[in-house]
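For reference, the structure discussed in these notes is given below.
The values are calculated or read from the model by the stated rules, or taken from the named source; none is laboratory data. This one's a predicted model, so the numbers in the text were calculated from it and none came from an experiment. Positions of Cβ are generated from backbone atoms using ideal geometry, with glycine treated the same way; all protein chains shown enter the neighbour counts.
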Amino acid sequence: MVALDAFPVREPVSRRAYTCLRLRTRSGAVGYGECSRLSPADLGVLRGAIQGKEASSFESIRRGLTASSAALAGLDMAMLDLVGKFTNAPVYQVLGGPTRNQARALARIEGDTDDAVVAAILLARAAGHKAFLIPVPATHSPNHSATLLNATRQRLDRVRSAAGEGSDFVLDAAGKLTPGDASSLAAAFERLHLLWFDEPCPLSNLSAAYRIASESVTPVGFGRFAAEAGIFQNLLRSDAIDVVRPDLALHGITQSRRIAAVAEPYYVAVAPFHDGGPIATAAALNLAASLPNFFIQQVPFAADEQDRLMRARLAGDATETVKDGFLQLPRGPGLGIRVNEAAFTEYREREP
């Protein structure tokens, strides 16, 4: 490998930002990856580390580097893309898959009001989604569970009616609730058979996480804010988790596979968190196809047509096309996508 370039881009309406990476070899082959924001310092570290190395040597490059987890996650994707292209096989075959032929999709729904959430649900359902990550209503009164419970019940009643039969839901607290409020919600919605309750409280106290998991039959998911892999092991040993949520932008494909392997003996499912761009969606699908204990793949739902156009321009519209609640696996070599580099310039993030 001889060159690494970074292209920060931003979606025009949602303002979701991510950085596309392009990795070149001496022979001219190109691999693509994606990460969140990449500092000039991290880019410099990565450029120095890849010089003269083989595309299959990620582990030897990773050790001892001072670059951020996000930078390494993007490099991991790009190197695996190159390895797949060299072997003329999808990344999931390089990794020993596939374990499945398609991946169930989870649409992350955003909105500050019930009306906005319902409107996004209707759009996502029309786009083929059948499973939805629903935000818990904002609360300004911590430990006032009755008010929060009523607002959440009203929201869930409305979205279930809007989504129709055959739909599933994940309730997303984004780690913002107190353990008391989180326990109340988990118990109150047992009969709704949520897929799980996501990030019900901060992970600063594992005993609180265990209490929420043990006092209710509602499954709980943690991990999207966990930068250290050891946190997952502590959650599993404490029996405080039902769904493992490694963030693809922090852990990449390789580290996410390690986390999934640690979860497998505990019979815990894996639902990777992904809120970036379409290159990472392709990486997520290759990851999903390689995991025996994969459950469902979260993908960003671009509610605005301009954002959907940008994502399709970057990596083709087939990558994020959902049919009957499922995403199809990429079939081409590497990540299985054809990246349009002209979109890097068209949607480049401008300095404020």
Practice prompt. Could you grab me the full set of residues in the range 36-72 that are of a type in the set (A, V, I, L, M, F, W, C), outside any helix (DSSP H, G or I) and crowded, with 20+ Cβ neighbours inside 10 Å?
Written response: 38, 55, 67
Worksheet entry | Where a residue in the range 146-165 is closer than 14 Å to residue 184 by Cβ and its partner, wherever it lies, is part of a helix (DSSP H, G or I) and of a type in the set (Gly, Ala, Ser), with Cβ under 9 Å and at least six apart | 146/184; 148/184; 149/184; 149/188; 152/188; 153/188
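Inspect the range 169-190 for any residue being in the same structural domain as residue 240 (by TED's automatic domain parsing), of a type in the set (Lys, Arg) and in a helix (DSSP H, G or I) and give the result as yes or no.
From the range 169-190, those in the same structural domain as residue 240 (by TED's automatic domain parsing) are 169-190; that's our starting set.
After this cut, where a residue has to be of a type in the set (Lys, Arg) as well, the list is 176.
Cutting the leftovers down to in a helix (DSSP H, G or I) gives us none.
Checked the range 169-190: no residue is in the same structural domain as residue 240 (by TED's automatic domain parsing), of a type in the set (Lys, Arg) and in a helix (DSSP H, G or I).
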Discussion item. Looking at (1) at pLDDT below 95; (2) farther than 30 Å from residue 80 by Cα; (3) not in a helix (DSSP H, G or I), which one does residue 98 not meet, given that it meets all the others?
Written reply: (2)
Discussion item. On the basis of being over 24 Å from residue 259 (Cα atoms), crowded, with 19+ Cβ neighbours inside 10 Å and not aliphatic (A, V, I, L, M), does residue 85 make the cut?
Written reply: yes
Practice prompt. Could you tell me whether the range 313-321 includes any residue that is closer than 30 Å to residue 205 by Cβ and not aliphatic (A, V, I, L, M)?
Written response: no
Practice prompt. Within the range 115-148, count every residue that is at pLDDT below 95 and in a helix (DSSP H, G or I).
Written response: 4
Worksheet item: Which residues, counting only those in the range 317-328, are within 20 Å of residue 88 (Cα to Cα) and at pLDDT 95 or above?
Response: 328
Practice prompt. Return yes when residue 132 is farther than 28 Å from residue 308 by Cα, buried (at least 17 other Cβ atoms within 10 Å of the Cβ) and in contact (Cβ under 8 Å) with a residue 12 or more places away in the chain and no when it is not.
Written response: no
Fill in: Breaking point among (1) in contact with a helix residue (DSSP H, G or I) (Cβ under 6 Å, 6 or more places away or on another chain); (2) under 26 Å from residue 89 (Cα atoms), for residue 271
(1)
Worksheet item: Name the residues in the range 4-28 that are more than 20 Å from residue 314 (Cβ to Cβ), touching a residue at least 24 places away in the same chain (Cβ under 8 Å) and not charged (D, E, K, R), would you?
Response: 25
Worksheet, complete the sentence: The condition of being touching a strand residue (DSSP E or B) at 6+ places or on another chain (Cβ under 9 Å) and in contact (Cβ under 8 Å) with a residue 40 or more places away in the chain holds, among 260, 240, 227, 213, only for 227
Worksheet item: Restricting attention to the range 211-224, does a residue exist that is in a loop (DSSP other than H, G, I, E, B), within 22 Å of residue 273 (Cα to Cα) and either within 16 Å of the chain's Cα centre (by Cα) or among the acidic types (Asp, Glu) (or both)?
Response: yes
Item to complete: Restrict the check to the range 26-33 and report whether at least one residue is touching a helix residue (DSSP H, G or I) at 6+ places or on another chain (Cβ under 8 Å) and among the polar types (S, T, N, Q).
Response: no
